[in-house]
Structure formats: structure tokens, C-alpha cells
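Before any comments, here is the structure.
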Amino acid sequence: MTIVRYEPFRLLSHFHRDLSRFFDEELTPAANTVTWLPSVDVREEDTRYVVQADLPGVDKKDIEITAENGVLTLRGERRSEHRENAKGYERIERVSGRFLRRFTLPETADVSAITARHENGVLEVSIPKLAAVQPKRIEIKAA
């Protein structure tokens, strides 16, 4: 005969532990945790690819753009201002913290000529296309 231990609140205990872990991670994020994702538009034009990211309230010095191994990475941080209840704030909805977006670059992207512009809260990254390689016609010589 096998003795089975009866724990009526075992499932509830696991749920409580998981819920506590979730809120602890949400309230005290690690330094590398992504807090929000900016909205991004990606389009292809005749001579370039364009990535536009909405980054209102993000200073240019807080944005880092890298392109390596065929991946374009936008990373940065929106810093929050210190707010006191005495100023009459009832609700705070604007998100602050770290962000990160990654995009796979097509093979036709010229990574060495990528440029970026930050104006009025919109970051525009311009990725030029490589010149199309034309097939070379090979002449056959008589022997």
C-alpha cells in the first residue's frame, strides 16, 4: 500500500509563489530589462530602407543604434522626471525606462552607409541599398 501525502492547498501555494515572483520582477526590474517598446514603421523605397521610431521624450544622447551580423538594433532609455503628488498629478500613464527593438537587415542593405536623424520625437534610420550587381556576359573565344 502506497501512502500519499494529502496537501489540499498545494496548488494554491504554487500559484501564490508564481504570482509573488511575477510581481517582484515587475516592481524591481533588472538593469537590462526592457520596459517599453516604441512604435516603429518600416518601409522600402527605391534606393533605401527606412525605419521610423516614435521616441517622444527621449534625448538623442540616450539612443544607441548598432548594425552587426545583419541585425539593426535600436536601444535606449526614456528618463522619467521626478513627480510629486503636491503638483496635482492624479494619474501617470507615460512610460519611462529602457527600450530595445531589433530588425533583420536584408542582404541588399549597405550597412556601412547607415544614417540616423532624430527630430521632434521621431528617430529616422536610413539604410541605403547596395547597387544591384549586373550579370556579366562572358565571350566564348574560338580555339
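Just so you know, all these numbers are worked out from the coordinates, no wet-lab data involved. Nothing here was measured: the structure is a model prediction, and the numbers come from that model. No Cβ is skipped: glycine too gets one built from the backbone with ideal geometry, and neighbour counts run over all protein chains shown.
Between R17 and R75, what FRET efficiency comes out of the Förster formula 1/(1 + (r/R0)^6) with R0 = 30 Å and r the beta carbon distance, rounded to 0.05? Walk me through the numbers on the way to the answer.
Working: r = 33 Å, r/R0 = 1.09.
So the FRET efficiency works out to roughly 0.40.
Taking label points 7 Å from Cα along the Cα-to-Cβ direction, N120 and R43 give a separation of 1.4 nm.
All other residues whose Cβ lies under 14 angstrom from that of K129 are scored, Lys and Arg at +1 and Asp and Glu at -1, for a net of -3. Taking the number of Cβ atoms within 10 Å of each Cβ as an exposure proxy, the fewest-first ranking of D62, D18 is D18, D62.
Given R₀ = 30 Å, what would the calculated FRET efficiency be for D62 paired with T104, taking r from the Cβ atoms and rounding to 0.05? Spell out each step's value before the answer.
Details: r = 24 Å, r/R0 = 0.81.
The value I calculate is 0.75.
Cβ crowding within 10 Å, taken as a proxy for footprinting-reagent exposure, orders F15, F99 from fewest neighbours to most as F15, F99.
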